[in-house]
Amino acid sequence: VALNEEGVDQSVIEKEIEIAKDQLRQEGKPEEMLDNIAKGKIKRFFKDNTLVNQDYIKDSKMSVSEYVKSQDANLKVVAFERVALG
């Protein structure tokens, strides 16, 4: 979806929070716990949907940003191209 957290549109984040809270309400979770659980779900959303937070494909124990830093501490990912085949 985006390069990092800053690249994700705020409306998408708000929508994801509301979806998470609705799911949690349906599961019967207490209202006072919803915000904390929703924050965890947003962290997971960023991990799955932002390039620098995704697992590095050759070593899933590190993220893309950790791999880049391991190659050279001065490197920074500034853009990416998404390619779909078929």
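Please report, ordered by residue number, the helices (runs of 4 or more DSSP H) entirely within the chain with at least 2 residues that are modelled with pLDDT under 95 and out of contact with any Leu (no Cβ under 7 Å at 6 or more places or on another chain).
In the chain, 10-26, 31-49 are the helices (runs of 4 or more DSSP H) which contain 2 or more residues that are modelled with pLDDT under 95 and out of contact with any Leu (no Cβ under 7 Å at 6 or more places or on another chain).
Just for the stretch 34-77: of the residues that are within 25 Å of E16 (Cα to Cα) and open to solvent by 100 Å² or more (accessible area, probe 1.4 Å), which one is farthest from the chain's Cα centre (by Cα)?
N36
Mind checking which pairs have a first residue in the stretch 56-68 that is within 17 Å of F80 (Cβ to Cβ) and touching a residue at least 60 places away in the same chain (Cβ under 8 Å) and a second that is assigned to a strand (DSSP E or B) and open to solvent by 70 Å² or more (accessible area, probe 1.4 Å), Cβ under 6 Å, 6 or more apart or different chains?
Between residues of the stretch 56-68 that are within 17 Å of F80 (Cβ to Cβ) and touching a residue at least 60 places away in the same chain (Cβ under 8 Å) and residues that are assigned to a strand (DSSP E or B) and open to solvent by 70 Å² or more (accessible area, probe 1.4 Å), there is no close pair.
Regarding K21, is this residue out of contact with any Lys or Arg (no Cβ under 8 Å at 6 or more places or on another chain) and open to solvent by 100 Å² or more (accessible area, probe 1.4 Å)?
No, not satisfied.
The values are calculated or read from the model by the stated rules, or taken from the named source; none is laboratory data. Everything numeric here is computed off the predicted structure, so don't read it as measured data. FYI the Cβ positions are ideal-geometry reconstructions off the backbone, even for glycines, and counts take in every protein chain you see. These accessible areas exclude ligands, DNA and RNA; they are computed on the full protein's heavy atoms, side chains included. Shrake-Rupley method; radii C 1.70, N 1.55, O 1.52, S 1.80 Å.
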